[in-house]
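A short worksheet on the structure shown next.
The values are calculated or read from the model by the stated rules, or taken from the named source; none is laboratory data. Quick caveat, the model's predicted, so the values are computed rather than measured. All Cβ positions, even for glycine, are placed from backbone atoms using ideal geometry, and neighbour counts span all protein chains on display.
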Amino acid sequence: MAKALLLVPMALLPIINPLGTAPIFVSSVGRSPVLAKRLARQIAINSWIVLVACMLIGTYVLALFGISLPVVRIGGGLLLAAAGWRMLHSDEEDDVRAAAAEEASALSNYELIRRSFYPMTFPLTTGPGTIAAAIALGAQIDKTAPVLYLAGAIVAAAGAALVSLLLYLIFRHSAAVLDRLGSIGTMVMTRLMAFILLCIGVQIIWTGWAELNGIKT
């Protein structure tokens with residue numbers, strides 16, 4: 001059980017890459033520590049729900065709607081590529097962005113939850129690659145006996161909780177990390193991660209397309 005517990009964060013964190021998403025998080029919340037704390041907590045909660053749902057019922061949901069994992073990859077890759085494209089062409093001095101940053105601490109809980117899910121939770125944090133990996137982890141849970149399935153479900157939920165805790169800590173303190181980089185370093189890192197995000201989206205689309213057409217990658 002301990003090995004299975006550690007397997008969840010070890011398998012998912014490299015795919016999620018929260019340090020790479022940190023500049024996107026900071027550009028979304030501005031420099032408000034109150035909003036950063038609230039948004040980081042909500043993203044962590046959202047991510048835990050998504051991961052647990054994917055591990056426990058992901059395979060059943062896909063089978064119910066007749067959706068294959070390659071199709072999930074293509075759809076998620078499109079969202080990821082679109083988010084990267086918008087980031088590459090965003091203007092940090094945009095009046096709307098500045099106004100949103102000033103009023104961020106006054107966001108209602110509804111607005112916070114709505115904005116925290118798209119695009120921060122999905123597809124930036126728990127994107128198609130993460131979802132596919134979580135579904136694969138869930139497929140390994142022993143379903144031969146109710147007791148074994150319950151134990152596997154508890155371990156999966158605990159592993160997802162570890163991932164969410166790390167996400168919360170990294171996102172909450174991401175502004176402090178970026179402050180050490182300076183404004184120019186942050187801008188360069190943000191643009192670089194936007195380009196990488198665009199490339200990851202294209203790669204995920206290609207992987208899904210290759211799987212649908214039986215092409216070896």
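Can you tell me which residues in the range 125-143 are more than 15 Å from T59 (Cα to Cα) and modelled with pLDDT of 85 or more?
T125, T126 - these are the residues of the range 125-143 that are more than 15 Å from T59 (Cα to Cα) and modelled with pLDDT of 85 or more.
Give the number of residues within the range 118-151 that are within 15 Å of the chain's Cα centre (by Cα), surrounded by 18 or more Cβ atoms within 10 Å (Cβ to Cβ) and either part of a helix (DSSP H, G or I) or among the acidic types (D, E) (or both).
15
Residues being among the β-branched types (V, I, T) and farther than 21 Å from I196 by Cβ: count how many of those fall in the range 5-19.
The number of residues fulfilling the criteria is 1.
Quick one: G76 ticks every box in (1) over 26 Å from L150 (Cβ atoms); (2) at pLDDT below 85; (3) more than 19 Å from the chain's Cα centre (by Cα) except a single one, so which number is it?
(3)
Being of a type outside the set (D, E, K, R) and outside any helix (DSSP H, G or I) is the filter; apply it to the range 161-217 and report the residue that is farthest from G84 (Cα to Cα).
Within the range 161-217, the match that is farthest from G84 (Cα to Cα) is G214.
Look at the range 188-203 and say how many of its residues are at pLDDT below 80 and surrounded by 15 or more Cβ atoms within 10 Å (Cβ to Cβ).
7
In this structure, does R31 turn out to be among the charged types (D, E, K, R) and not in a helix (DSSP H, G or I)?
It is true that R31 is among the charged types (D, E, K, R) and not in a helix (DSSP H, G or I).
So, in the range 175-205, how many residues would count as being more than 26 Å from L78 (Cβ to Cβ) and either in contact (Cβ under 8 Å) with a residue 40 or more places away in the chain or touching a strand residue (DSSP E or B) at 6+ places or on another chain (Cβ under 8 Å) (or both)?
Qualifying residue count for the region: 5.
Could you list, in sequence order, the residues of the range 79-110 that are modelled with pLDDT of 70 or more and surrounded by 11 or more Cβ atoms within 10 Å (Cβ to Cβ)?
L79, L80, A81, A82, A83, G84, W85, R86, M87, L88
Cβ-Cβ below 9 Å, separation at least six or inter-chain, first residue in the range 1-12 and closer than 16 Å to L150 by Cα, second of a type in the set (A, V, I, L, M, F, W, C) and not in a helix (DSSP H, G or I): which pairs?
If the second residue must be of a type in the set (A, V, I, L, M, F, W, C) and not in a helix (DSSP H, G or I), the pairs left are A4/I141.
Mind checking which residues of the range 60-85 are assigned to a helix (DSSP H, G or I) and farther than 29 Å from F171 by Cβ?
Those that are assigned to a helix (DSSP H, G or I) and farther than 29 Å from F171 by Cβ: Y60, A63, L64, F65, P70, V71.
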